[in-house]
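Colleague: Below are the structure tokens for one structure; questions will follow.
Coordinate-derived values only; no laboratory data. Every value quoted in this text rests on a predicted model; they were computed, and no experiment measured them. Don't worry about glycine lacking a Cβ; one is built from the backbone with ideal geometry, like all the others, and counts go over all protein chains shown.
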Amino acid sequence: MAFTVAIDGPAASGKGTIARAVARHFGFAHLDTGLLYRAVGALMLDGAEPAAAARALRPEDLARPDLRGAAVARAASQVASIPEVRAALLDFQRAFARRDGGAVLDGRDIGTVICPEAEVKLFVTASDGVRAERRLAELVAAGHAATLDEVLADLRDRDRRDSERSAAPMRAAEDAVALDTTTLSIEAAVDRALRAVEAAGHGG
């Protein structure tokens, strides 16, 4: 039986961590849709035309080791504003969402564009400062050099692009459950998400 959980929010809000935990708890499949755009962005940096790269995307493109870097993140935000890129990736995401056994998708337009019929919608946020600290820790752990000021400026620029783009801007669906993780532990944030899924009729 299909059961879709749509989790949206800005970078480093905790949506990916929450999505993976929800998928693990209920035995659902998980798709980080941002990886699709990061992969297209990386291919663009390699010289490919973005829409053509999106149409020809291969599973191995999602396994590239450079997808978490800052340059690829900026490129991902740029290609995500191209309607032809979004259209090329739309069918893949929708088919994944309605697969048997349940699915969790996290991104920026899942509850509004990709899966407006999702049984559960969450919009995960956190303060700019906390998100910048989280992202800096991720980058340092991965061996990338960065400063907090650089990461904060990059996050704010990306938020602006994602929120103001004409194609599927980042925003909360009207029926989404808001989840602010600024002061929440990972465990507390995940617990609230699990309760939202259970409230929608899917028992753990």
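Colleague: How many nm is it between the label spots at R171 and A29, if each spot is 7 Å from the Cα in line with the beta carbon?
Modeller: Simple spin-label model gives 3.1 nm for this pair.
Colleague: Hey, another quick one. Could you state, as a whole-number percent, how many of the C-alpha pairs of the chain are farther apart than 27 Å?
Modeller: Cα-Cα pairs in the chain separated by more than 27 Å: 27 percent.
Colleague: Kindly state, to the nearest 0.05, the FRET efficiency for A141 paired with M1, given R0 = 45 Å and r defined as their beta-carbon distance.
Modeller: Calculated value: 0.75.
Colleague: Right, next: Show me the ranking of peptides 115-122, 128-135, 14-21 by mean Cβ neighbours inside 10 Å, starting with the highest.
Modeller: 14-21, 115-122, 128-135
Colleague: Here is a follow-up. Which three extents, in whole angstrom, do the alpha-carbon atoms of segment 14-74 cover along their principal axes, largest first?
Modeller: 40, 23, 17
Colleague: So, in nm, how far is label R156 from label R74 when the simple model puts each one 7 Å beyond its Cα toward the Cβ?
Modeller: 1.6 nm
Colleague: If each residue of separation counts as 0.36 nm, what is the full-extension length gain between T183 and E60 once their alpha-carbon separation is subtracted?
Modeller: Stretched out fully, the T183 to E60 stretch lengthens by 40.6 nm.
Colleague: Roughly how big is segment 1-148's charge dipole about its Cα centre, with Cβ charges of +1 (Lys, Arg) and -1 (Asp, Glu), in debye to the nearest 20?
Modeller: Dipole about the Cα centre, nearest 20: 200 debye.
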